[in-house]
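Peer 1: Following this message is one structure expressed as structure tokens.
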Amino acid sequence: NVTLDEPFDEIDKLGEGGFGQVFKVKNKFDKRSYAIKKCPLNKLTGKEKQNVLNEMQSLVKLRSEFVIKYYYSWIDKKDNCLNIQMELCFANLTNILETKKSLFNEMTITEICISYHIFYELTECVQYLHEKHIIHRDLKPDNVLISMDGRIKLCDFGLAKELANTDWYRMSKTKHTADVGDLSYQAPEVNSDPIDYNHRIDIYSLSLIGAQIFGFNTNDITNGLYRLIPDLRSDQLHMPNYWT
């Protein structure tokens, strides 16, 4: 039961999400920088608290080069916040895509190589989760991080779920929740009736992220269920001019 002020100096606010805010901090003792996610428990619903707990459990279980590193967690009684200490990363994929777009007016060999490397490592990360029988359920560029040594890593496991199997040809027998994740990257079967899906919903999200990485018009990816799939069946899909 320590406060954020005691062992850490707050350097900068990195971002915020539905469950809290993320800060860059520096440890006063080891002089290293970390990321700390502060989740105000008194402002969260019971379901949101369960999602935060789920994220912590996933980070503890998934100690791997493919997942952001978890160090420690504690409750700050002063403001009733759960603090989750994690490794500090360089940027998220959203930042990288924006930078890449400003640097390259059109896709060059250099950018193709960069894009291939990013997507290859991202695919490895998703494969690792599925081999552990876990579906992320909220894959999007904001939840893909680039570590300080340049590796692609996944974060934000609040909606992640463990399955009994990840057989490509069989749906999970586990009861699922409808309408999870970002609508722009959400697979159609997430809102099916009955709610019956498996790890392939991550593959759907991964394909949309890949389309962005390789330069497809983001307007075709927004609300992917309603725009990208119908356009694939017509002549209206805006292909990058370097694709033939």
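Peer 1: What residue, among those in segment 172-213 that are modelled with pLDDT under 85 and charged (D, E, K, R), is farthest from E131 (Cα to Cα)?
Peer 2: The qualifying residue farthest from E131 (Cα to Cα) is D193.
Peer 1: Please verify whether S64 is free of Cβ contacts under 8 Å to residues at least 60 places away in the same chain, surrounded by fewer than 17 Cβ atoms within 10 Å (Cβ to Cβ), within 18 Å of L145 (Cβ to Cβ) and not assigned by TED's automatic domain parsing to the domain that holds C125, treating the condition exactly as stated.
Peer 2: no
Peer 1: Can you tell me which of K31, K49, K37, K26 is surrounded by fewer than 18 Cβ atoms within 10 Å (Cβ to Cβ), assigned to a strand (DSSP E or B) and either within 15 Å of the chain's Cα centre (by Cα) or not aromatic (F, W, Y) (or both)?
Peer 2: Residue meeting the stated conditions: K26.
Peer 1: With the structure loaded, tell me whether K13 is within 18 Å of S147 (Cα to Cα) and either surrounded by fewer than 16 Cβ atoms within 10 Å (Cβ to Cβ) or hydrophobic (A, V, I, L, M, F, W, C) (or both) or whether it fails that test.
Peer 2: Working: within 18 Å of S147 (Cα to Cα): yes; either surrounded by fewer than 16 Cβ atoms within 10 Å (Cβ to Cβ) or hydrophobic (A, V, I, L, M, F, W, C) (or both): yes.
Yes.
Peer 1: Could you check V126 against (1) outside any loop (DSSP other than H, G, I, E, B); (2) within 24 Å of G20 (Cα to Cα); (3) not basic (K, R) and say which number it fails?
Peer 2: With respect to (1) outside any loop (DSSP other than H, G, I, E, B); (2) within 24 Å of G20 (Cα to Cα); (3) not basic (K, R), V126 is out only on (2).
Peer 1: For segment 72-111, give me each residue that is of a type in the set (S, T, Y) and surrounded by 13 or more Cβ atoms within 10 Å (Cβ to Cβ).
Peer 2: Selection gives S73, T94.
Peer 1: Would it be correct to say that I96 is in contact with a helix residue (DSSP H, G or I) (Cβ under 6 Å, 6 or more places away or on another chain) and hydrophobic (A, V, I, L, M, F, W, C)? Even if it seems obvious, please write down each step before you answer.
Peer 2: On the way: in contact with a helix residue (DSSP H, G or I) (Cβ under 6 Å, 6 or more places away or on another chain): no; hydrophobic (A, V, I, L, M, F, W, C): yes.
Judged against the criteria, I96 is not a match.
Peer 1: In segment 24-61, what residues are β-branched (V, I, T) and over 19 Å from F8 (Cβ atoms)? Lay out the reasoning, then the answer.
Peer 2: Here is the first cut: in segment 24-61, the ones β-branched (V, I, T) are 25, 36, 45, 52, 60.
Listed by number, the residues that qualify are T45, V52, V60.
So that you can scan it fast, the table gives a plain yes or no per residue for (1) in a loop (DSSP other than H, G, I, E, B); (2) modelled with pLDDT under 90; (3) aliphatic (A, V, I, L, M):
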residue	(1), (2), (3)
I112	no, yes, yes
S115	no, no, no
D142	no, no, no
G150	yes, no, no
F157	yes, no, no
A164	yes, yes, yes
W168	yes, yes, no
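Peer 1: Is it true that some residue in segment 27-36 is closer than 30 Å to L163 by Cβ and not acidic (D, E)? Don't jump to the end; show me each part of the working.
Peer 2: The initial filter retains those residues of segment 27-36 that are closer than 30 Å to L163 by Cβ, namely 35.
Still in the running and not acidic (D, E): 35.
Looking for residues that are closer than 30 Å to L163 by Cβ and not acidic (D, E), one finds at least one in segment 27-36, hence yes.
Peer 1: Identify all residues within segment 28-38 that are over 13 Å from Y72 (Cα atoms), of a type outside the set (D, E, K, R) and modelled with pLDDT of 95 or more; write none if there are none.
Peer 2: Taking segment 28-38 and keeping what is over 13 Å from Y72 (Cα atoms), we get 28-33.
Of the ones still in play, those that are also of a type outside the set (D, E, K, R) are 29, 33.
Within segment 28-38, just S33 meets the criteria.
Peer 1: Among the residues of segment 49-58, is there at least one that is over 20 Å from Y185 (Cα atoms), touching a Gly at 6+ places or on another chain (Cβ under 8 Å) and among the β-branched types (V, I, T)?
Peer 2: yes
Peer 1: Got a number for residues in segment 112-147 being within 24 Å of R200 (Cβ to Cβ) and either of a type in the set (D, E) or buried (at least 16 other Cβ atoms within 10 Å of the Cβ) (or both)?
Peer 2: In the first step, residues of segment 112-147 are kept if they are within 24 Å of R200 (Cβ to Cβ); the result is 115-116, 118-145.
Then drop every residue that is not either of a type in the set (D, E) or buried (at least 16 other Cβ atoms within 10 Å of the Cβ) (or both), which leaves 115, 118-119, 121-122, 124-126, 128-132, 134-145.
So the count comes out to 25.
The values are calculated or read from the model by the stated rules, or taken from the named source; none is laboratory data. Quick caveat: nothing in here was measured; it's all calculated off a predicted structure. Neighbour counts run over all protein chains shown; Cβ positions are idealised from the backbone, glycine included.
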